[in-house]
Amino acid sequence: MKFNDFFGNLPPSYVFAGLAVKKNLARKKWGDELIDLGIGDVRLPLFGCVADEMKKATDELTAASGFRGYPPASGYDFLKDAISADYAKLGITADRNEIFVNDGAKGELFALNSLMGGGSKIVFPTPCYPAGLEAAILHGNEPIFVRSDDNGAPIPPFGKQCDAIYLCSPSNPSGKAMNENELGLWVEYALSVGATIFFDGAYSDYVQGGGIKSIFLVPGSKKCAAEIRSFSKGYGFTGIRLGYVVVPQEQKELNDLRKRLSGCLDNGVSYVTQRGGAACFSEKGQAEMRKRVGYYKTNAAILKQALKAVGIKSADGNDSPYVYSECPGRFTDEAFCALLSDKAGVIATPGRGFYEQGGEFFRLSAFAPRKEILAASDRIRDLDI
Ligand code: PLP
């Protein structure tokens, strides 16, 4: 067999797989006292109202009349309609034939890359979530890095040709949510070079204040953008797996190809999962989500305060469950994460995992129970750095 040579262009392991090895070493010293704020995985339980709908759906399957086999490749209409209704609250139209239900945003980034012919130039503002970038590398596409400004806002490289652009807002790791003007510049740039924007809205539920929740609020975006969303971070579905992408009909060829891809990619997402997803959009589901997002964001604010107390500067972004911060003077990101792990028993992710371009940074995830966040904050305040 001839292997895919592009594997040779990837780092030896995915950032969070590498982190797991370091965590296991730290556990030898800290045991159960180790606090893992590394990988961005949710820790609080599933909402009762969502679980109830999933149980009901499972019961339906036990009757001959309610049994279902393969789901429709791009998702059940009941879930697509709930997604459309959610977009309608923002004044955005998203029709059934523009929505493709999937098992989460990470796989979608891979799927969208497979629509490109290899050799495509893709702009990645850094620091950035690594999965889309690694999918690009594996498909033989060429990343073009653009460093975000000091406020975490990526600036389009006007005049530079590209085929696609990956944007994530609110950003993982910086927490920066772009506002309409900032995103408007990217839409203008994409239209000027004929590129497609893959807009990763995995953290759209965390937007408050000045940022906008969807790129489709920007005029012109339906001609150049596809929007990826996930149930992982707002509804606690990292283990259940559910997401969707919206590809507007205005981009007919892209929409047609994405539809065609649904037929080759997999056999869809389970009925039970999709019923759970629809329940997320109920009044109760939305109220639970807002409470949960508030909880994680308060966690992030507590961590930021602790870092500030020891003189560590964090990025301005407040619209995410992450705290992205500069390492104190003499430390590299790896060295500072090693110190945090050894002296505070706190696992953090080094900035280089996000293809950070210049500077030394680290990310703390705020997805932990409050007790752990408070303990981690106390230990950070006690650090002698
Ligand atoms: N996009 C971003 C920006 C993320 O941070 C993550 C997960 O951390 C994902 C996508 C993947 O989400 P999912 O669980 O839906 O695959």
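The values are calculated or read from the model by the stated rules, or taken from the named source; none is laboratory data. What you see is a predicted model, and the numbers here were worked out from it, not measured in a lab. All Cβ positions, glycine included, derive from the backbone under ideal geometry; neighbour counts span all protein chains shown. In case anyone asks, the SASA skips ligands and DNA or RNA and just uses the protein heavy atoms, side chains included. Shrake-Rupley method; radii C 1.70, N 1.55, O 1.52, S 1.80 Å.
Given +1 at the Cβ of Lys and Arg, -1 at the Cβ of Asp and Glu and no other charges, the dipole of the chain around its Cα centre is 600 debye to the nearest 20. Pairs with C-alpha atoms separated by more than 23 Å, drawn from the list 106/284; 106/291; 213/297, are 106/284; 106/291.
Express the carbon and sulfur contribution to the solvent-accessible surface of region 109-180 as a percent, rounded to the nearest whole number, probe 1.4 angstrom.
Percent of accessible area from carbon and sulfur atoms in region 109-180: 49.
Placing unit charges on each Cβ (+1 for Lys and Arg, -1 for Asp and Glu) gives the chain a dipole about its Cα centre, and among 340, 264, 285 the Cα reaching farthest toward its positive end belongs to 340.
Loop only per DSSP, at most 11 neighbouring Cβ atoms within 10 Å: give me the chymotrypsin sites (Phe, Trp or Tyr not before Pro) in region 1-105, ordered by residue number. Listed in order of number, the matching sites are 3, 67. About its Cα centre, region 163-262 has a charge dipole of approximately 360 debye under the convention of +1 per Lys or Arg Cβ and -1 per Asp or Glu Cβ, with nothing else charged.
What trypsin sites (Lys or Arg not before Pro) in region 81-127 are in a loop by DSSP, with at most 14 other Cβ atoms within 10 Å of the Cβ?
For trypsin sites (Lys or Arg not before Pro) across region 81-127 that sit outside H, G, I, E and B with at most 14 neighbouring Cβ atoms in 10 Å, the list reads 89.
Accessible area per residue for the chain is 43 Å², calculated with a 1.4 Å probe on protein heavy atoms, without ligands, DNA or RNA.
Computed packing ranks the peptides 269-277, 315-323, 156-164 as 315-323, 269-277, 156-164, most packed first, by mean other Cβ atoms within 10 Å. Remark: region 246-357 carries a charge dipole of roughly 360 debye about the Cα centre, counting +1 on each Lys and Arg Cβ and -1 on each Asp and Glu Cβ. Taking amide H atoms as placed 1.01 Å from N in the peptide plane, the amide H of residue 225 lies under 5 Å from those of 197, each 5 or more residues away in sequence or on another chain.
Between 34, 7, 364, the Cα set farthest toward the positive side of the dipole of the chain (charges on each charged residue's Cβ, about the Cα centre) is that of 34. Derived scalar couplings between HN and Hα for region 140-151 equal x, 8, 10, x, 10, 8, 10, 6, 5, 6, 5, 8 Hz in order, rounded to whole Hz, by the Karplus curve 6.51 cos²θ - 1.76 cosθ + 1.60 (θ = phi - 60°), x for Gly and Pro. Would you mind classifying region 182-330 by shape? Square roots of the alpha carbon gyration tensor eigenvalues, ordered a ≥ b ≥ c; an a/c under 1.5 is rounded, otherwise it is prolate if a/b is larger than b/c and oblate if not. Because a/c hits 1.5 or more and a/b fails to exceed b/c, region 182-330 counts as oblate. Descending by average beta-carbon neighbour count within 10 Å, the peptides 327-333, 350-356 line up as 350-356, 327-333, the highest first. Restricting region 187-271 to GluC sites (Glu not before Pro) that sit in a DSSP loop and have at most 15 other Cβ atoms within 10 Å of their own Cβ leaves 250.
Seen through its C-alpha gyration tensor, with square-root eigenvalues sorted a ≥ b ≥ c, region 252-330 comes out oblate because a/c lies at 1.5 or above while a/b is not bigger than b/c.
What is region 105-249 by shape, rounded, prolate or oblate, if you read a ≥ b ≥ c off the alpha carbon gyration tensor as root eigenvalues and call it rounded for a/c under 1.5, prolate for a/b larger than b/c, and oblate otherwise?
Rounded, since a/c falls under 1.5.
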